[in-house]
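Encoded as structure tokens, the structure appears first; notes follow it.
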Amino acid sequence: MKRISILLSVLLLGVCPVLMTAQQTDAPDQEDSGVAPASSTNVAADSTVKPVGEEKEVIATGGALYNDGSIDYAPAGVQFAVQSQDTGAGVKSIYVWVDNSAMQTNTAPIGFNAEGRHSIAFQVEDNVGNLSAMKTYSFIMDTTAPEVKIISAFKGIQMTNGVYVPADNKFMIIAQDKLSGVKSIEYAIDGGAMQTYNENILLTEKSGMHTIVYRAADNVGNIGGTMTNVFYIDGTAPVVNIGSDPAAFSKDGVNFISGKASIVITAKDADTDVVSIMYYIDNGEAAQYSYPIKLSGGEHTVKAMAIDAVGNESQLAEYKVSVDASDPSAYVEAEK
């Protein structure tokens, strides 16, 4: 692919300007009709008659063209001029057929309004009636900026004040352009300078509100509007607490509870909701905590951890307790 500069200085003979506009067409390129313009005079081929000089390429002004390897793409506002010269009698007229329109004498650069494929067929007549072969130039006008969106690797949790994601979340920006193709994507984080998007975005900051603004440009210079994505990072793990109901009685550094008491585990998270609490009793397997736990008599160690809505895991909390399931006894002892 290559970008074609249209700032050209070309010798233009016999071209004078009226702006012409044309409608979009999906018709194939026009072929040589073999019919001369009504105002021309056919001249029999003769070795003494100098032929019309070869036309130069159609050139564009007012914007940059982009070629994808097979066809030119043009932005809005570009105008096209047919360049011609003749080494003999000189150019008399340039005749053009724009899209599906009838033949016109070209007197100015040709402008287009509609997005899509267009064609300019052209033929040159010199001052003694020689006609060049008919040629056709086709291009696609692209007036629409790319569509762009941002995708989060983590879906995000909707809370009252906004959407939350984990600290290690990655953002991807996707842009699509239906014609000339996407040339570049730019983004900025939290009011910073715009930078080129080349890979997934991973923020170095942790908890708090963040903003990513982004936009895309296509290969003819159409730039889409700046989009904004506001989100919160939850980089804080839940805090877990293990206790008993009723509260334990502490003696000599040991927490005592009765066999009727329950172990209660609670967890809180500063940003999002706690979605899971797992607990372990002594050396047993992990279990999902749903309601208070009853313990058998004796000494036990209860461990627990919590996970919040974006996947942050708490530290493992530990609670040691001695369950005194025996009822006290009393007796009267007589003095001897």
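Kindly indicate whether any position in the stretch 270-281 is farther than 30 Å from GLY311 by Cα, modelled with pLDDT under 95, out of contact with any Pro (no Cβ under 7 Å at 6 or more places or on another chain) and assigned to a loop (DSSP other than H, G, I, E, B). Quick ask: steps written out before the conclusion?
Here is the first cut: in the stretch 270-281, the residues farther than 30 Å from GLY311 by Cα are none.
The answer is no; no qualifying residue exists.
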Problem set entry | Odd one out for VAL302 among (1) buried (at least 17 other Cβ atoms within 10 Å of the Cβ); (2) touching a residue at least 60 places away in the same chain (Cβ under 8 Å); (3) under 45 Å from the mean Cα position of the chain (by Cα) | (3)
Exercise. For ILE120, are the conditions met, namely being modelled with pLDDT of 95 or more, in the same structural domain as VAL230 (by TED's automatic domain parsing) and closer than 24 Å to ASN222 by Cα?
Worked result: no
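Restrict the check to the stretch 78-90 and report whether at least one residue is crowded, with 17+ Cβ neighbours inside 10 Å, aromatic (Phe, Trp, Tyr), in contact (Cβ under 8 Å) with a residue 60 or more places away in the chain and part of a strand (DSSP E or B). Before the answer, list the steps.
The initial filter retains those residues of the stretch 78-90 that are crowded, with 17+ Cβ neighbours inside 10 Å, namely 78-86.
Pick out the ones that are also aromatic (Phe, Trp, Tyr) and you get 80.
Still in the running and in contact (Cβ under 8 Å) with a residue 60 or more places away in the chain: none.
Among the residues of the stretch 78-90, not one is crowded, with 17+ Cβ neighbours inside 10 Å, aromatic (Phe, Trp, Tyr), in contact (Cβ under 8 Å) with a residue 60 or more places away in the chain and part of a strand (DSSP E or B), which makes the answer no.
Matching residues to (1) aliphatic (A, V, I, L, M); (2) within 12 Å of the chain's Cα centre (by Cα); (3) surrounded by 13 or more Cβ atoms within 10 Å (Cβ to Cβ):
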| residue | (1), (2), (3) |
| --- | --- |
| ILE151 | yes, yes, no |
| LYS170 | no, no, yes |
| ASP177 | no, yes, yes |
| GLY181 | no, no, yes |
| ILE189 | yes, no, yes |
| HIS210 | no, no, yes |
| ALA217 | yes, yes, yes |
Problem set entry | Residue within the stretch 282-290 that is outside the structural domain of SER180 (by TED's automatic domain parsing) and not in a loop (DSSP other than H, G, I, E, B) present | yes
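Scan the stretch 175-200 for residues that are of a type in the set (A, V, I, L, M) and closer than 12 Å to ASN222 by Cβ and jot them down. Write out each step before concluding.
Taking the stretch 175-200 and keeping what is of a type in the set (A, V, I, L, M), we get 175, 179, 182, 185, 188-189, 193-194.
ALA175, LEU179, VAL182, listed by residue number.
Got a number for residues in the stretch 188-224 being at positive phi and part of a loop (DSSP other than H, G, I, E, B)?
Result for the stretch 188-224: 3.
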Problem set entry | In the stretch 91-106, the residues that are among the hydrophobic types (A, V, I, L, M, F, W, C), over 20 Å from VAL128 (Cβ atoms) and surrounded by 14 or more Cβ atoms within 10 Å (Cβ to Cβ) | VAL96, TRP97, VAL98, MET103
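Output yes when any residue across the stretch 31-47 is under 44 Å from the mean Cα position of the chain (by Cα), part of a loop (DSSP other than H, G, I, E, B) and modelled with pLDDT of 90 or more, and no when none is. Explain how you work it out, then say what you get.
Going residue by residue through the stretch 31-47, those that are under 44 Å from the mean Cα position of the chain (by Cα) are 31.
In the following step, the residues that additionally are part of a loop (DSSP other than H, G, I, E, B) were identified as 31.
In the following step, the residues that additionally are modelled with pLDDT of 90 or more were identified as none.
No, every residue in the stretch 31-47 fails to be under 44 Å from the mean Cα position of the chain (by Cα), part of a loop (DSSP other than H, G, I, E, B) and modelled with pLDDT of 90 or more.
Do we find that SER93 is hydroxyl-bearing (Ser, Thr, Tyr), assigned to a loop (DSSP other than H, G, I, E, B) and not assigned by TED's automatic domain parsing to the domain that holds ASP271 in this structure?
In short, no.
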Problem set entry | Residues (modelled with pLDDT under 95, part of a loop (DSSP other than H, G, I, E, B) and not hydroxyl-bearing (Ser, Thr, Tyr)) located in the stretch 313-336 | ALA325, ASP327, PRO328, ALA330, VAL332, GLU333, ALA334, GLU335, LYS336
Problem set entry | Pick from the stretch 110-165, criterion assigned to a strand (DSSP E or B) and of a type in the set (Asp, Glu), ranking: farthest from VAL310 (Cα to Cα) | ASP126
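The values are calculated or read from the model by the stated rules, or taken from the named source; none is laboratory data. Worth saying up front: this structure is predicted, and the values here are computed from it rather than measured. Reconstructed Cβ throughout: ideal geometry from the backbone, glycine too, with neighbour counts over all protein chains shown.
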